[in-house]
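Chemist: Mind having a look at this structure? Questions to follow.
Just so it is clear, none of the values below were taken in a lab; they were calculated from the coordinates. In this text, all values refer to a predicted model and were calculated from it rather than measured experimentally. For neighbour counting, all protein chains shown are included, and Cβ atoms are generated from backbone atoms with ideal geometry for every residue, glycine included.
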Amino acid sequence: MTHPKLRLAAAKFALDLTTVDDMVNAAHTALDDAFYADGLAAIVSVPNLHLWDAAPHFTAALRELGQTFTSQDEALRFLRLGCFGAVAEGVINPHDGLGQH
């Protein structure tokens, strides 16, 4: 089972496009939705966490939950399909869709 916000953060992480705020927000959302991993708990429990401190916890959590991408190509494909799919369905306009990623 995948978690959309965590999956998005995982794709951005695989492409080195994520921020610590992305990780913290994804961790909070995933935990709120009963997706538990020790790494997510570690990320949300430490205030003012730096990216280099959060990255190992985030990586471990993604592995534990099966949310990792096998390559940067796979991560990019996920982002591209998510963005273009939402635009094609009319959920978001093209400018906003491209601005999200």
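Chemist: Does residue 55 fit the bill of being touching a Leu at 6+ places or on another chain (Cβ under 8 Å), on the phi < 0 side of the Ramachandran plot and part of a helix (DSSP H, G or I)?
Modeler: Details: touching a Leu at 6+ places or on another chain (Cβ under 8 Å): no; on the phi < 0 side of the Ramachandran plot: yes; part of a helix (DSSP H, G or I): yes.
It is false that residue 55 is touching a Leu at 6+ places or on another chain (Cβ under 8 Å), on the phi < 0 side of the Ramachandran plot and part of a helix (DSSP H, G or I).
Chemist: Further question on the same structure: Are there any pairs with C-beta distances below 6 angstrom linking a residue in region 1-21 that is in contact (Cβ under 8 Å) with a residue 12 or more places away in the chain and surrounded by fewer than 20 Cβ atoms within 10 Å (Cβ to Cβ) to a residue that is among the polar types (S, T, N, Q) and not in a loop (DSSP other than H, G, I, E, B), with the two at least 6 apart or on different chains, and if so which?
Modeler: Every condition considered, the pairs that remain are 5/29; 15/72.
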